[in-house]
Amino acid sequence: MIDYAPFWETLKRSKESTYTLINNYNISSSTINRLRNRQGISTNTIDELCKALKCRVEDIIEYKE
């Protein structure tokens, strides 16, 4: 199972918010909603989140059995 808990921790540590991700980095509000509800997102979206938050993939997602 893919877990997005690292994303929320990374977001807390960053200077960004869901508002700035949506308005400054063109991350859709539906993507934020998908993250909140632990639904799948594309690798392209993960790439965009990493660029916006200046982080690594493992700072966004992790795999848990």
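The values are calculated or read from the model by the stated rules, or taken from the named source; none is laboratory data. The model shown is predicted, which means the values in this text are computed figures rather than measured ones. Note: ideal-geometry Cβ built from the backbone for every residue, glycine included; neighbour counts use all protein chains shown. To get the accessible areas, we keep the full protein, side chains included, count just its heavy atoms, and leave off ligands, DNA and RNA. Shrake-Rupley method; radii C 1.70, N 1.55, O 1.52, S 1.80 Å.
Tell me which residues, restricted to the stretch 32-54, are touching a residue at least 40 places away in the same chain (Cβ under 8 Å), touching a Phe, Trp or Tyr at 6+ places or on another chain (Cβ under 9 Å) and charged (D, E, K, R). Hits for the stretch 32-54: nothing passes.
Could you check the stretch 31-65 and list, in sequence order, the residues that are among the β-branched types (V, I, T) and open to solvent by 80 Å² or more (accessible area, probe 1.4 Å)? The answer is T43, and nothing else.
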